[in-house]
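Enquirer: Here you go, one structure.
The values are calculated or read from the model by the stated rules, or taken from the named source; none is laboratory data. Computed from a predicted structure; not experimentally measured. Cβ: placed from backbone, ideal geometry, glycine included. Neighbour counts: every protein chain shown. Accessible surface areas use protein heavy atoms only, side chains included; no ligands, DNA or RNA. Shrake-Rupley method; radii C 1.70, N 1.55, O 1.52, S 1.80 Å.
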Amino acid sequence: MTSHDDQYAHSDSLSFLNSGRSLKDKLVAAHTAVQKKLPFIARIAIALYDPETNILKTYMHSSGEDNPLEHYQDNIDDTPSLKEILARGHPRVINNMLTFENSNKQHIKRLGRQGYAASYTIPLFSDGVFLGFLFFNSYEKEVFTESNLEVLDLYAHLIALMIINELNSVRSLTAAIKTTSHITHHRDPETGSHLDRISRYSRLIAKALSNKYQLDDDYIEHIFMFSPLHDIGKIAIPDNILLKPDTLTDDEMEIMKTHPQRGKEITDDLLNNFGLERISHGDILRNIAICHHERVNGTGYPFGKAGDEIPLEARIVAVADIFDALTSRRPYKEA
């Protein structure tokens with residue numbers, strides 16, 4: 001007769017899907033689950049597509065230090081093999097990557113040098129919109145048989161749903177940010193283009209610092225996505241101060257200096273209202289909003305933090321903000 005405890009003896013191998021862990025942690029857990037069935041899977045990786053620039057960029061992987069394509073990006077028009085997958089809307093199997101050994105494409109050369117011998121690539125779509133690619137790599141040849149692919153497809157769709165859920169959450173938040181930025185845009189005509197430039201400058205700076213601070217593509221991508229939020233607190237600043245063409249008085253400057261704290265409050269409201277409190281790297285978003293006017297010498301605001309006391313993401317956005325002001329001749333009233 002089965003005991004009561006025996007009824008609960010089975011452990012759900014996919015329970016990580018219900019956890020509050022980050023997408024990266026879930027991807028690593030998914031890799032572990034896949035390897036129990038298909039031990040030859042050495043790497044699972046994600047590349048995201050940026051429709052505004054037509055760029056594919058590495059985003060996340062599950063293979064620890066084994067990462068031959070760190071901080072890699074390329075125009076999809078310059079990667080005909082991947083572009084064909086997109087055009088067909090169908091996965092691709094390569095069971096012997098030696099057939100690509102004479103390719104002049106940098107990403108194929110790096111994968112070859114790493115020793116990968118086979119790959120399975122799946123295009124990612126959400127409601128018909130192309131998001132990027134999901135890659136499975138193996139050090140063994142001829143492993144992606146039909147029977148193995150039937151098993152792998154089940155895991156691939158689960159992983160794809162995890163990715164799509166995360167990206168849709170971020171994009172819902174981004175949509176809210178864009179909406180609020182459009183509201184601000186009607187009050188401050190420079191803000192709309194400024195936000196786009198800040199996001200791209202921030203990504204470039206983060207990539208340049210990646211070796212020094214061991215920044216992975218996941219972190220860099222979230223800085224890119226979240227940096228436009230840095231000045232959202234300006235929505236709460238009165239027009240007579242925000243739009244003033246002359247130098248601000250001391251009292252007006254004190255009011256202007258409240259926008260980081262207001263930005264943090266608005267950010268928290270957005271996360272709560274959209275049910276995104278557990279979104280990956282929500283701390284990056286909050287730190288950018290409240291600390292982007294801190295300065296390494298301690299003269300910034302609102303806390304007067306100095307040096308490494310200031311979160312790295314906030315320092316990155318601060319430099320991007322100053323660089324944009326210098327190159328675009330945008331007035332920088334808060335400096």
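Enquirer: Suppose every Lys and Arg Cβ carries +1 and every Asp and Glu Cβ carries -1, with no other charges. What dipole size does the stretch 221-301 come out with about its Cα centre, to the nearest 20 debye? Numbers along the way, then the final one.
Expert: Working: 8 positive and 14 negative charges, 42 e Å.
Dipole size: approximately 200 debye.
Enquirer: What accessible area per residue comes out for the stretch 255-331, rounded to a whole number of Å², with a 1.4 Å probe?
Expert: Details: 3630 Å² over 77 residues.
With the other protein chains kept in place, the stretch 255-331 gives 47 Å² per residue.
Enquirer: How far apart, in nanometres, would the label points at residue 154 and residue 210 be if each is projected 7 angstrom from Cα along the Cα-to-Cβ direction?
Expert: 3.5
Enquirer: Additional query: Could you state the number of Å between the C-alpha centres of the stretch 112-137 and the stretch 269-293?
Expert: 30
Enquirer: What does the C-alpha gyration tensor say about the overall shape of the stretch 1-149? Classify as rounded when a/c is under 1.5, otherwise prolate if a/b is larger than b/c, or oblate.
Expert: Working: a/c = 2.17, a/b = 1.67, b/c = 1.30.
Taking the square roots of the gyration eigenvalues as a ≥ b ≥ c, the stretch 1-149 is prolate.
Enquirer: At most 16 other Cβ atoms within 10 Å plus a DSSP loop assignment makes a site exposed; report the longest stretch of the chain without any exposed GluC sites (Glu not before Pro). Write out the running numbers ahead of the final one.
Expert: Values: sites that count: 52, 65, 70, 101, 140, 142, 190, 277.
So the longest stretch without any such site is 191-276.
Enquirer: Report which label in (i) 32, 27, 23; (ii) 39, 22, 18; (iii) 42, 24, 17 holds the value of semi-axes √(5λ) of the Cα gyration tensor in Å derived from the coordinates of this structure.
Expert: Among (i) 32, 27, 23; (ii) 39, 22, 18; (iii) 42, 24, 17, the one calculated here is (iii).
Enquirer: Another question, if that's okay. Hey, how many Å between the Cα centroid of the stretch 242-263 and the Cα centroid of the stretch 44-73?
Expert: Result: 40 Å between the Cα centres.
Enquirer: Of the heavy-atom accessible surface of the stretch 249-303 (probe 1.4 angstrom), what whole percent is carbon and sulfur? Intermediate results must be reported in sequence, preceding the final value.
Expert: On the way: 1270 of 2750 Å².
C and S fraction of accessible area: 46 percent.
Enquirer: Report, in debye and to the nearest 20, how large the dipole of the stretch 197-331 comes out about its Cα centre when Lys and Arg carry +1 and Asp and Glu carry -1 on their Cβ.
Expert: Details: 17 positive and 22 negative charges, 93 e Å.
Its charge dipole is roughly 440 debye.
Enquirer: Just how much of residue 135 is accessible, in Å², when a 1.4 Å probe is used and the result is rounded to the nearest 10?
Expert: 40
Enquirer: Here is a further query. Please give the per residue accessible area of the stretch 32-125, computed with a probe of 1.4 Å over protein heavy atoms only, in Å².
Expert: 48
Enquirer: Related question: Any idea how far apart residue 142 and residue 248 come out in nm if each label point goes 7 Å out from Cα toward Cβ?
Expert: About 7.0 nm separates the two model spin labels.
Enquirer: Which helices of the chain meet both criteria: a Cα extent of 15 Å or more along the helical axis and a mean Kyte-Doolittle score no lower than -1.0, with helices taken as whole DSSP H segments? Numbers along the way, then the final one.
Expert: Numbers: long enough: 23-37 (21 Å, -0.34); 146-187 (60 Å, 0.22); 191-208 (25 Å, -0.48); 259-273 (20 Å, -1.55); 312-328 (24 Å, 1.09).
Qualifying helices, which must be both long enough and hydrophobic enough, are 23-37, 146-187, 191-208, 312-328.
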